[in-house]
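So the structure is just underneath, and the comments pick up after that.
The values are calculated or read from the model by the stated rules, or taken from the named source; none is laboratory data. All figures in this text were calculated on a predicted structure; none of them were measured in a lab. Cβ placement follows ideal geometry from the backbone for every residue including glycine, while neighbour counts extend to all protein chains displayed. Remember, those area values only see protein heavy atoms, side chains included, never the ligands or the DNA or RNA. Shrake-Rupley method; radii C 1.70, N 1.55, O 1.52, S 1.80 Å.
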Amino acid sequence: MDGLDPVSIGVVAGLAVLAPLVASLVGRVAKVPLVVFEIVLGILVGPSLLGWVDESGFIDGLSEFGLAMLFFMAGNEIDFKAISGRPLRRAGLGWLISLVAGVAAGLLVTPSIEAGIVVGIALTSTALGTLMPVLRDAGELSTPFGRAVTAVGAVGEFGPLVAISLFLSGRSPVTSTLVLIGFVLVAGLAIFFASRGPYPRLHSLVAATLHTSGQFAVRLVLLVVAALVVLSIVLGLDMLLGAFAAGVLYRVLLKGGDRADLELVESKLEAVAFGFLVPIFFIYTGVTFDLSSLVESPSSIALMIASVVLLLLVRGLPGALAAPPGAGRRDRVAIGLFSATGLPIIVAVTNIGVAESVIQPSTAAALVGAGMLSVLLFPLLALGQRRRALGGRTLPPDSEVHVPVEG
């Protein structure tokens, strides 16, 4: 089978098991997000260093599906009712400021308008799919602080996807806008009809197959993701927009079901996403990371360091606008650091830029490297600031599995 490398598949599977073990050991000293270890291990075994894993069409396909599932889970996690109002408005305002500042910064550091737009969009992203597990483990999902971070992350994932569809699709802005409106109408109608539930027969079928080989709920998820991803691709939009919308649609569709059943469904989805597909995406991101282009060019290293600073300035400062009323300085700093944490969309945007010959591979490597550093450093620093704001007190992890049962 073309692209099927048994050695690479075995190594990637082994790294997926090794990464949480390493994270657990390091976690006794410092709480570092799991994705950092997945990426670093991928770099270690990839062509840039040990060469145990080569680029593979089969693993690349799984990686793309893993990225889609990461955005699906992000859309499925978001409780828009909880973040509506002030948090979402402030987060939206902050993202618009980030977009203007990001494009301006991109035009200053790149030789063309197209390259400046690519860099600018990359700088406006927030890795909500990466931050949600961090917030859950810290017991912050339901706090005003956690809702502010969730709002910033929701806008920081959806906004760049819209910008990609408008400015990097290769079509005129007017045509891109019309196509995007068409997608929003189709997805919006689907979400509207799904919200007319509950649907007792659907919930009965889900419950009846939870412990059988049918697994209707999981299969339905794969269908919803595939349908909206295919729709976005057919319309020439970024597939992640469809994956994100699929998460929102599925959350609404299952609203009103039995809580115990939905908790079990959610655990199954997390197993498929975070136990299988998402780790492959992050490990393969490390495997395909062009380390040689980065280390062989002093200017690329300088750009990577500058991009880390730009993430803080362009995304972090405006993101802090979403801080809840009465938030202290440390909480605002923490929200800014969480806001500046970006990687998945940076990977997606730079891949488009390189494929279209808009940016150089070395520029893409610098931006992805900055994204990796942001994932490594910013959540760790943010959690430290949050703990100090709480007077050293830590919250218990959110014990309840997120289920869409609110009205």
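Give me the net charge of residue 270's neighbourhood, meaning all other residues with Cβ under 11 Å from the Cβ of residue 270; Lys, Arg count +1, Asp, Glu -1.
Local net charge: -1.
With the crude spin-label approximation of a point 7 Å out along Cα→Cβ, what separation in nm comes out for residue 381 versus residue 309?
1.3
Report the one residue of 213, 224, 82 whose Cα lies farthest in the direction of the positive end of the charge dipole of the chain (charges on C-beta: Lys and Arg +1, Asp and Glu -1; origin at the Cα centre).
The Cα lying farthest towards the positive end belongs to 82.
What does the charge count around residue 31 come to, taking other residues whose C-beta lies under 11 Å from its C-beta (Lys +1, Arg +1, Asp -1, Glu -1)?
So the environment of residue 31 carries a net charge of +1.
Cα extents of the stretch 118-158 along the three principal axes, largest first, in whole Å?
Computed over the Cα atoms, the extents are 35, 16, 12 Å.
For the stretch 246-292, which GluC sites (Glu not before Pro) are both in a DSSP coil and crowded by at most 13 other Cβ atoms within 10 Å?
Sparse-neighbourhood loop GluC sites (Glu not before Pro): none present.
Compute, for the stretch 111-254, the length of the dipole vector about the Cα centre, with Cβ point charges of +1 (Lys, Arg) and -1 (Asp, Glu) only. Units Debye, rounded to 20.
480
Across every pair of different alpha-carbon atoms, what Kirkwood hydrodynamic radius in Å does the stretch 263-407 reach?
17.5
Which ³J(HN,Hα) values in Hz, rounded to whole numbers, follow from the phi angles of the stretch 281-293 under the Karplus curve 6.51 cos²θ - 1.76 cosθ + 1.60, where θ = phi - 60° and Gly and Pro get x?
Running phi through 6.51 cos²θ - 1.76 cosθ + 1.60 with θ = phi - 60° gives 4, 5, 5, 5, 4, x, 4, 8, 5, 7, 5, 5, 5 Hz.
Beyond 16 Å, how much of the Cα-Cα pair distribution for the stretch 1-95 remains, as a whole percent?
In whole percent, the share of Cα-Cα pairs in the stretch 1-95 beyond 16 Å is 69.
List the pair-distance distribution P(r) of the stretch 259-323, using every Cα-Cα distance, as the percent of pairs falling in each 10 Å bin from 0 up to the bin containing the longest distance, rounded to whole percents.
Taking every Cα pair in the stretch 259-323, the percentages come to 17, 20, 27, 26, 8, 1.
In µm²/s, what is D for the chain at 25 °C and 0.890 mPa s, where D = kT/(6 pi eta Rh) by Stokes-Einstein and Rh is the Kirkwood radius from Cα pairs?
Using the Kirkwood radius from Cα pairs, D works out to 114 µm²/s.
When the scattering of the stretch 196-353 is computed by the Debye formula from its Cα atoms alone, each counted once and equally, what is log10 I(q)/I(0) at q = 0.15, 0.16, 0.17 Å⁻¹?
Values returned for q = 0.15, 0.16, 0.17 Å⁻¹ are -1.06, -1.11, -1.14.
Counting just the Cα atoms, what span does the stretch 41-89 cover along each of its three principal axes? Round to the nearest Å and put the largest first.
Projected onto the principal axes, the Cα atoms of the stretch 41-89 cover 50, 20, 13 Å.
Extension gain residue 211-residue 17, at 0.36 nm per residue separation less the Cα-Cα distance, in nm?
Contour length minus the Cα-Cα distance gives 67.3 nm.
So how strong a dipole does the chain carry about its Cα centre when Lys and Arg Cβ are +1 and Asp and Glu Cβ are -1, to the nearest 20 debye?
Dipole about the Cα centre, nearest 20: 1660 debye.
Expressed as a whole percentage, what fraction of the accessible surface of the chain belongs to carbon and sulfur atoms when a 1.4 Å probe is rolled over the protein heavy atoms?
Using a 1.4 Å probe with all protein chains present, the chain comes out at 68 percent carbon and sulfur.
Just the number please: accessible area per residue for the chain, 1.4 Å probe, all protein chains included, in Å².
With the other protein chains kept in place, the chain gives 42 Å² per residue.
At R0 = 35 Å, how high is the FRET efficiency between residue 54 and residue 186 if r is their beta carbon distance? Nearest 0.05 is fine.
Efficiency at R0 = 35 Å is approximately 0.35.
Across the stretch 73-175, how large is the tail of the calculated P(r) beyond 18 Å, expressed as a percent of all Cα pairs?
The answer is 51 percent, as a whole percent.
Among 264, 365, 312, whose Cα lies farthest out toward the positive end of the dipole of the stretch 255-407, if unit charges sit on the beta carbon of Lys, Arg (+1) and Asp, Glu (-1)?
312
Per residue of the stretch 88-103, in order, report the coupling 6.51 cos²θ - 1.76 cosθ + 1.60 (Karplus, θ = phi - 60°) as ³J(HN,Hα) in whole Hz, putting x for Gly and Pro.
6, 5, 5, 5, x, 4, x, 5, 4, 4, 4, 4, 5, 5, x, 5
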